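The values are calculated or read from the model by the stated rules, or taken from the named source; none is laboratory data. A quick note: this is a predicted structure, and the numbers were derived from the prediction, not measured. So basically every Cβ, Gly included, is an ideal-geometry build from the backbone, and we count neighbours across all protein chains shown.
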Amino acid sequence: MADPALEESASDLCANPDCRVAQDGRCVEGFPNRAECPQFGKIQIVPVQDSANSAPASRPGVAMPVSTTLTVEEAADVVKASEARVIAITGPFDAGKTSLIAGLYDLLNVGQVGSAAFGRSYSLHAFEEAAHDSRAASRRESPETNRTPRGEVRFYHLELFDSSTGAAPSVLLGDRAGEEYLETRSNTDLAKAFPELPRADVLTMLVDGQRLLDVGQRHNVRSEVRQTIQAFVEAEVVRGTQCLAVVLTKLDALRKSEDGGNQAMQDFAALVQRLRMAFGVNFAAIESFAVAAQPKSDGATQGEGLEQLLAYWMAEPRRYQPEAITVPLPSTDRYFALLPMPQTGGAQ
């Protein structure tokens, strides 16, 4: 049986805000029988006042901060507030930047990566969006990642606890469209507008392993890397305290090739050696890595190589220490031969 109190209260309800049926019993719409009015007996919807002076409506629950990628200004605030490592991830389109970021996040979800354990992140939603299309929940036939849009650089944030040192630095991963980095080869001044480059503790250059397998593209791949780094040097956006990480991506594709990726690996090793000869004086250290962040085949394990790369990112900043080179004096009586030899440098 219906509650009489509820029936009585319902008889006073009207969705029309101008109706005063509860006070005078009259229908503002003019219906002689109030029950015939389509607004009668319904709850009135009161619109929220959009005014700077109006107090915000209180809602149950906990207000969570927006957890997207950080702007340059927000990343700078993180650097000012605590110990941080800034990583500029560069490379052409489809080299695997987003896969690298999402793959590292997936590993930290499972557990500790080397000596690093997940602490917190200001970019959890952004990480989830980057990793979604590579997961079974996306219902894709093969792992995919979204393309980084052109525009201002954005930063993914991680705070990691290093069990070997007890430190808890923040790691800021800069993400910019690869096309913008490649354009600096023809216009070095463009690199001066990329704030992540001079601020980076580790400049990370990705080398597309899939393209190295293609005989028609491998020369272009090597040239793109050398010319892009040369453009950064000429634009004076690199400094001697920075480290350079040259990262070969898509290791699983190399191992599944006909020769097991031997030729591509040799080409990559030769490229790294040439970079050391050309740009060794411009960086504190130049190291190479091979990774399979989100493999599409069984040629490599999930996140293979990321542990070593992350350790390099988190290492203490270093300074370039030039090797002492002894040049023997020529055995000759000619004064011209005793003149100092000119110094050479730059890309070969």
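Taken across region 252-266, residues that are touching a strand residue (DSSP E or B) at 6+ places or on another chain (Cβ under 8 Å) and either surrounded by fewer than 22 Cβ atoms within 10 Å (Cβ to Cβ) or farther than 20 Å from Gly91 by Cβ (or both) do occur, with at least one present.
Among the residues making up region 292-312, those that are at pLDDT 95 or above and buried (at least 21 other Cβ atoms within 10 Å of the Cβ) are Leu306, Leu309, Leu310.
Any residue in region 214-233 that is among the hydroxyl-bearing types (Ser, Thr, Tyr) and within 30 Å of Ser115 (Cβ to Cβ)? Among the residues of region 214-233, not one is among the hydroxyl-bearing types (Ser, Thr, Tyr) and within 30 Å of Ser115 (Cβ to Cβ), which makes the answer no. Among the residues in region 254-272, are any touching a Cys at 6+ places or on another chain (Cβ under 8 Å), in the same structural domain as Val86 (by TED's automatic domain parsing) and at pLDDT 95 or above? No; the residues of region 254-272 include none that is touching a Cys at 6+ places or on another chain (Cβ under 8 Å), in the same structural domain as Val86 (by TED's automatic domain parsing) and at pLDDT 95 or above. In region 273-309, of all residues being touching a helix residue (DSSP H, G or I) at 6+ places or on another chain (Cβ under 9 Å) and part of a helix (DSSP H, G or I), the one that is farthest from Leu197 (Cα to Cα) corresponds to Glu307. Each residue in region 76-97 was checked for being touching a Ser or Thr at 6+ places or on another chain (Cβ under 9 Å), modelled with pLDDT of 90 or more and not in a strand (DSSP E or B), and 5 of them qualify. The set of residues in region 110-128 being of a type outside the set (Lys, Arg) and either surrounded by fewer than 18 Cβ atoms within 10 Å (Cβ to Cβ) or not assigned by TED's automatic domain parsing to the domain that holds Glu159 (or both) consists of Val110, Gly111, Gln112, Gly114, Ser115, Ala117, Phe118, Gly119, Leu124, His125, Glu128. Per this entry, Tyr105 is not counted among residues that are free of Cβ contacts under 8 Å to residues at least 60 places away in the same chain, crowded, with 17+ Cβ neighbours inside 10 Å and in contact with a Pro (Cβ under 9 Å, 6 or more places away or on another chain).
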